[in-house]
1. Quick one: which helices (runs of 4 or more DSSP H) lie wholly within region A:277-381 and hold at least 2 residues that are of a type in the set (Asp, Glu)?
2. Count, please, the residues in region A:49-76 that happen to be assigned to a loop (DSSP other than H, G, I, E, B) and either in contact (Cβ under 8 Å) with a residue 40 or more places away in the chain or of a type in the set (A, V, I, L, M) (or both).
3. Mind checking which helices (runs of 4 or more DSSP H) fall wholly inside region B:1-92 and carry at least 1 residues that are farther than 26 Å from B:VAL329 by Cβ?
4. Do you know which residues across region A:167-196 are in contact with a Ser or Thr (Cβ under 9 Å, 6 or more places away or on another chain) and either over 23 Å from A:TYR145 (Cα atoms) or not in a loop (DSSP other than H, G, I, E, B) (or both)?
5. Considering region B:243-257 alone, what residues qualify as being facing chain A (nearest Cβ under 9 Å), in contact with a helix residue (DSSP H, G or I) (Cβ under 9 Å, 6 or more places away or on another chain) and either surrounded by fewer than 20 Cβ atoms within 10 Å (Cβ to Cβ) or among the basic types (Lys, Arg) (or both)?
6. Does A:THR311 meet the test of being surrounded by 16 or more Cβ atoms within 10 Å (Cβ to Cβ), within 24 Å of B:ASN2 (Cβ to Cβ) and out of contact with any Lys or Arg (no Cβ under 8 Å at 6 or more places or on another chain)?
7. Check off (1) within 21 Å of B:GLU8 (Cβ to Cβ); (2) crowded, with 23+ Cβ neighbours inside 10 Å; (3) hydrophobic (A, V, I, L, M, F, W, C) for B:LEU82 and give me the number that stays unchecked.
Amino acid sequence: MDFDFTPDEEAFRTEVREFLSENLPPRNERPGSFLREWLEKVRARGWVGFSWPKAVGGSDGDVARQAILKEEMALAGAPPLGTSFMGLAWVGPGIIQYGTEEQKTRFIPDILDSKVTWCTGYSEPNHGSDLAAIQTKAERVGDHYRVNGQKIWTTGAPYADWMILLTRTDFNTEVKHDGITCLLVPMKTPGVEVRPIENMAGDRHFAEVFFTDAEVPIENRLGEEGRGWAVTISALANERSSIGEVTQMSGKLEDLKQLVRESRKQGAPASDDPLVRRQIAEFETKIAAMKYNGLRYLTRQLRGQPLSSETSVNKLLRASLEIEMDDFAVELQGQEGVQLQTQTARWARSSLSWPNVVIGGGTPNIQRNIIGERILGLPKD
Amino acid sequence: MNFGFTEEQEMLRNQVVRFIDDECSIDVIRTFDRDTNQALWKKIAELGWVGLTIPERFGGSGLKWVDLTVVLEETGRGLCPLPLTSNALACASILRSGSIAQQQEWLPKIANGSVIFGFGLYDEPNWIDKDAITLEASDHITGTKTFVSDALLATHVMVGVQTKNGPALSIVDGEAINSIALDVMDRTKPAAQVQFDQVPATNDRFIPLTDADLDYVNSCGAVAVTAEMVGAAEAVLALTSNYAKERIQFGHPIGKYQGVKHRLADMFVDIESFKSLLYYAAWCVDDATGDLSQAASRAKAHASDAFAQIGIDGVGLHGAIGFTAEYDVQLYLKRAKWARTMFGDSDFHYNRVATLGGL
């Protein structure tokens with residue numbers, strides 16, 4: 001057991017740190033052109049799509065260097081490495097694994113160069129957690145698919161250029177997971193209508209998306225017809241290392257401790273209150289557990305052992321932490337905690353935004369089903 | 001980066017699993033006594049587990065607490081009553097704070113199995129502090145040590161005392177004391193009240209304890225108990241998951257129902273978490289002592305409460321059969337209750353995490 005990286009890996013960490021100290025000014029000293037320049041610089045370094053094959057424009061970055069890159073970026077509070085989170089997290093990897101050569105050439109460079117953003121058309125009004133039951137219909141008509149149906153809770157749809165869309169091309173299969181087909185759809189396709197939905201924090205990041213005789217060319221199909229479920233599953237499995245998230249959570253915890261140091265409760269410093277101290281320590285302990293879980297799973301990957309569904313463990317831990325930490329901060333501030341105009345309103349705002357993290361990508365109860373069935377071998381329901 | 005076990009450590013684990021299956025199954029532990037201990041202790045001394053963390057120059061295997069953790073996870077899984085934790089703490093204390101002469105005298109005897117230690121640090125039932133050690137010692141010891149683990153299985157005891165120079169650990173021959181068994185709920189963790197009546201105590205029998213030494217010993221104790229909790233909690237999860245696959249109610253195995261399935265999944269999440277925290281803490285004992293207090297407190301705090309609930313739910317999900325004496329899952333519930341406060345409960349350890357984290 002050791003926690004050391006090899007000299008080569010440490011040299012890579014030094015490279016990342018030096019880059020960050022030269023190219024990441026403090027938040028309030030960043031010029032308007034900063035983000036565009038940042039994206040160009042990290043792209044030039046090969047850090048966008050770092051783990052992707054060199055053949056498609058990635059860097060073939062290994063698991064250890066991926067972890068180092070994510071950790072250093074998160075420690076420095078750096079902006080994302082690209083404008084399309086979903087493009088980098090699963091659309092790109094899905095195209096690399098299932099796409100034709102033509103699709104790779106057509107889609108991957110734009111994702112790497114932050115020229116397009118993607119959204120993900122999975123959930124439907126009647127099919128969220130039960131994703132494989134989707135009903136949005138795609139019919140083959142000549143050289144295109146004609147799509148009719150509705151998606152909902154589509155994050156990023158109001159400003160995305162493209163959507164990775166799950167449709168049903170066969171309604172008569174024995175198993176619902178068959179008959180699903182994955183299409184890559186330009187959002188400006190005639191017959192695609194986006195209606196933003198306001199969330200409880202007042203943001204309009206997600207939307208309903210309606211398809212009325214929308215025509216999608218056959219060359220935009222990802223993978224085989226009827227095999228779209230496999231594309232979905234393997235694409236989602238690409239999101240694995242949680243090391244960057246742990247670093248973010250640690251930063252949030254330090255902010256929370258600072259809030260405790262500055263707060264009073266019952267006329268005394270909050271930091272003297274045994275229950276406050278215990279709660280902070282529980283958060284810190286859970287974040288440490290996420291960190292060491294992540295390092296154990298990383299070690300398995302480094303040894304070439306495939307991960308099962310262990311990533312659900314950290315997803316569940318993070319889900320409860322996100323809600324509890326915000327809630328604790330709001331409660332600690334008493335009557336000020338629920339106000340949105342104060343200096344510390346970030347806690348109030350984020351206490352209304354947790355569903356982005358907690359529900360997106362599978363609700364906690366779905367993660368529990370995954371652990372119960374795939375790891376503990378309990379019967380499916 | 002290598003946060004996992006080596007092939008040698010996995011071989012050690014398999015060896016312990018085989019030993020538990022062959023020599024110390026649940027049937028054996030239900031009737032475990034001093035004779036069983038003597039016979040089995042000889043065997044595990046020959047296998048090298050007793051002197052695992054003792055340097056080779058003193059007759060041990062020269063391994064680390066990470067290796068010991070592998071052994072304790074598996075003995076914990078089997079609720080094995082062999083006093084490995086007491087002896088590991090005696091070794092850790094002698095190695096850290098004992099004189100060269102004390103190391104030369106005691107470590108080879110521990111390693112070859114001829115000396116077995118019982119261990120008792122505090123006299124107050126729920127207070128982790130040097131002031132919770134109240135038994136006084138001068139050139140003799142007279143008084144009572146209230147909670148000494150494994151005293152009746154051991155040839156010697158190592159107990160916390162107050163000397164004129166401050167707290168110390170004292171090594172005392174089993175023949176010089178009177179040990180009265182306590183009726184502990186968890187019978188796999190025997191303890192005694194030990195009476196001292198004018199027991200002579202020479203200087204060479206005292207190991208001084210600075211604040212940092214006591215912190216180290218207590219942290220090692222927390223690590224050892226947590227390692228046993230990891231194995232024991234996994235045993236509860238395995239027993240209960242298997243039961244949930246077989247027990248049919250309303251026409252289906254109960255593990256199909258989310259009320260059962262989700263609780264079992266949450267157990268898995270908790271165990272993965274305190275297991276990861278434990279492995280890091282065990283690594284700190286030898287390789288990052290400066291981080292040990294914080295790492296041990298995180299692991300013990302999380303495990304104490306999580307395993308307590310796992311014990312309760314393990315019994316509860318079995319229904320009535322779970323709390324019959326004949327069925328094994330209840331034995332783990334008792335271990336959870338025993339382990340919860342050993343070397344500090346979650347309140348103590350979380351408060352320490354808060355302090356060390358800058359509050």
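1. Filter on region A:277-381 gives A:311-332.
2. First, the residues of region A:49-76 that are assigned to a loop (DSSP other than H, G, I, E, B): A:49-53, A:57-62, A:76.
Filter again for either in contact (Cβ under 8 Å) with a residue 40 or more places away in the chain or of a type in the set (A, V, I, L, M) (or both), leaving A:49, A:52-53, A:57-58, A:76.
Of the residues in that region, 6 qualify.
3. B:7-23, B:34-46, B:65-77
4. Within region A:167-196, A:THR167, A:ARG168, A:ILE180, A:THR181, A:CYS182, A:LEU183, A:VAL192, A:GLU193, A:VAL194 meet the criteria.
5. Scanning region B:243-257 gives B:LYS245, B:PRO253, B:LYS256, B:TYR257.
6. No, not satisfied.
7. The single condition B:LEU82 does not satisfy is (1).
Yes/no per residue for (1) of a type outside the set (Val, Ile, Thr); (2) at negative phi; (3) modelled with pLDDT of 95 or more; (4) out of contact with any strand residue (DSSP E or B) (no Cβ under 7 Å at 6 or more places or on another chain):
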residue: A:ASP2; (1), (2), (3), (4): yes, yes, no, no
residue: A:ARG13; (1), (2), (3), (4): yes, yes, yes, yes
residue: A:VAL16; (1), (2), (3), (4): no, yes, yes, yes
residue: A:SER21; (1), (2), (3), (4): yes, yes, yes, yes
residue: A:ARG27; (1), (2), (3), (4): yes, yes, no, yes
residue: A:ARG30; (1), (2), (3), (4): yes, yes, no, yes
residue: A:SER33; (1), (2), (3), (4): yes, yes, no, yes
residue: A:TRP38; (1), (2), (3), (4): yes, yes, yes, yes
residue: A:LYS41; (1), (2), (3), (4): yes, yes, yes, yes
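The values are calculated or read from the model by the stated rules, or taken from the named source; none is laboratory data. Predicted model only: the values in this text are computed from it and were never measured. For neighbour counting, all protein chains shown are included, and Cβ atoms are generated from backbone atoms with ideal geometry for every residue, glycine included.
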